[in-house]
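The structure appears below as structure tokens.
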Amino acid sequence: MATGFVCDERYFWWDTRSAGLFMPSHPAIGVEPDAHAEGPATKRRFRNLLELSGMLKQLTPVEPREATVAEVARCHSMEHIERMKALSDDNGGDAGELTPFAPGGYEIALLAAGGVIAAVDAVVAGTVRNAYALVRPPGHHAERDRGRGFCMFANCTIAARHAQAAHGLKRVAVVDWDVHHGNGTQWLTYDDPSVLAISLHQYENFPPDSGYVTENGEGAGKGANVNVPLPAGSGVGAYTAAFERVVIPALRRFRPELIIVASGLDASAYDPLARMMMHSDGFRDICAQILAVADEVCDGRVVVAHEGGYSQVYVAFCGLAVVETMAGVRTIDDPYLAMAAGLGGQDLQPHQDAMIAEAEALVANVPAP
Ligand SMILES: [Zn+2]
């Protein structure tokens, strides 16, 4: 069965304005205006590579729609939603912290959340087996009352809530392989045993002081939040081991009816906003692990939603590897792969192994049905 693909020209029109990497440019602090790291180029090049490689023709288009206010309000306060609309209708602004956006951004952010919702609808209805939503802006840092880290609304969590409310799914897992902590997903579902939130990320990157292995859920949700804060420098060996030893056993235990992947491609060796060493074959491997456990527990239902990824050239190749894996086909080779795979320290290192062992101990506490 087919793999669905959500995209829309408007996603590339989300305007993060000028910045120095992620810092707002201003003469008073010496930051010269430049393209913001979260610009359209990385994602547009990903879509372009899907076309050039022939992959796009093998995917089933899934039309996005704007999420409704009621759907967004399952995760965000009305104050936040109304403030975003007011800023967007005026001259844009900052959605909270480090999240600049231009006029019209509100509607594009609704379309991003709605794009993941549309992917969920297609997968649950069975019109496609799985789906990749190449949406923008990203969502996994957005919190109930504010945007953070380039995110206005919590796309994946809004889609998980939609799966529960509209389709009656009882258990949904969100696996976040973006290199930054999925704080939004975590705090929006922290006391809720019906959503298993798993985040693998670089230890103490963004947000600061967030994503520790001890943040394990609370109340009825105790055990349903799993963080794997991998040390800087982790490569394919660490990611593969973390999936084999933590993510997959946790999913087997939780038995979700749908798996949503928050797919940041910023753990790559060439990303400017993190210090990890993943490459396209690494993403191929962890994606294959997710698909295999999905076959086992939820009829292969997987929605992958785009999050971060800031390497101008390499996001496209990592993304292509993920989409190829989902569709079960191969197209063109990654010309950067040999260089990235040859970097020293790709194998699992002892200090990485020790961290993974800490997270491994959490699997027994994941709530089983
Ligand atoms: Zn990220």
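The values are calculated or read from the model by the stated rules, or taken from the named source; none is laboratory data. Just so we're clear, the structure is a prediction, and the values are computed from it rather than from any experiment. Virtual Cβ from ideal backbone geometry, glycine too; neighbours counted across all protein chains shown. To get the accessible areas, we keep the full protein, side chains included, count just its heavy atoms, and leave off ligands, DNA and RNA. Shrake-Rupley method; radii C 1.70, N 1.55, O 1.52, S 1.80 Å.
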Search result, residues across the range 334-356 that are within 12 Å of G237 (Cβ to Cβ), outside any loop (DSSP other than H, G, I, E, B) and open to solvent by less than 70 Å² (accessible area, probe 1.4 Å): A341, Q352, D353, I356
I need the full set of residues from the range 267-280 which are within 18 Å of Y132 (Cβ to Cβ) and either within 14 Å of the ligand (Cβ to nearest atom) or not hydroxyl-bearing (S, T, Y) (or both), in order please. A267, S268, M278
Do we have V303 as away from the ligand (no atom under 15 Å from the Cβ), of a type in the set (A, V, I, L, M, F, W, C), in contact (Cβ under 8 Å) with a residue 12 or more places away in the chain and outside any helix (DSSP H, G or I) here? yes
Between a first residue in the range 41-61 that is modelled with pLDDT of 95 or more and a second residue that is assigned to a loop (DSSP other than H, G, I, E, B) and hydroxyl-bearing (S, T, Y), which pairs have beta carbons less than 7 Å apart while being 6 or more apart in sequence or on different chains? T42/Y310; T42/S311; S53/T331; G54/T331; M55/T331
Checking L265 against (1) out of contact with any Lys or Arg (no Cβ under 7 Å at 6 or more places or on another chain); (2) farther than 17 Å from G233 by Cα; (3) touching a residue at least 12 places away in the same chain (Cβ under 8 Å), only one condition comes out false. Which one? (2)
What pairs can you find where one residue is in the range 202-223 and closer than 21 Å to R148 by Cβ, the other is open to solvent by 80 Å² or more (accessible area, probe 1.4 Å) and within 16 Å of the ligand (Cβ to nearest atom), and their Cβ atoms are less than 6 Å apart, with a gap of 6+ or different chains? none
Going by what's in this entry, would A119 be described as touching a Phe, Trp or Tyr at 6+ places or on another chain (Cβ under 7 Å) and closer than 22 Å to S263 by Cβ? no
Out of the residues in the range 186-229 meeting the condition of being of a type in the set (D, E, K, R) and either crowded, with 22+ Cβ neighbours inside 10 Å or more than 21 Å from M278 (Cα to Cα) (or both), tell me which one is farthest from the ligand (Cβ to nearest atom). K222
Only residues that are open to solvent by 60 Å² or more (accessible area, probe 1.4 Å) and over 24 Å from I108 (Cα atoms): list them for the range 34-57, please. L52, K57
Can you say whether G264 is open to solvent by less than 10 Å² (accessible area, probe 1.4 Å) and within 16 Å of the ligand (Cβ to nearest atom), as far as the supplied structure shows? yes
Considering only residues that are part of a loop (DSSP other than H, G, I, E, B) and open to solvent by 10 Å² or more (accessible area, probe 1.4 Å), look in the range 142-155 and name the one that is nearest to the ligand (Cβ to nearest atom). F150
Those residues of the range 311-365 which are within 19 Å of Q289 (Cα to Cα) and either touching a His at 6+ places or on another chain (Cβ under 7 Å) or among the β-branched types (V, I, T) (or both), in sequence order: V322, V323, T325, V329, I356, V363
By residue number, the members of the range 123-141 that are more than 21 Å from H36 (Cβ to Cβ) and open to solvent by less than 10 Å² (accessible area, probe 1.4 Å) are V123, V128, N130, A131, Y132, A133
Could you check the range 316-333 and list, in sequence order, the residues that are of a type in the set (A, V, I, L, M, F, W, C) and open to solvent by less than 20 Å² (accessible area, probe 1.4 Å)? A316, C318, L320, A321, V322, V323, M326
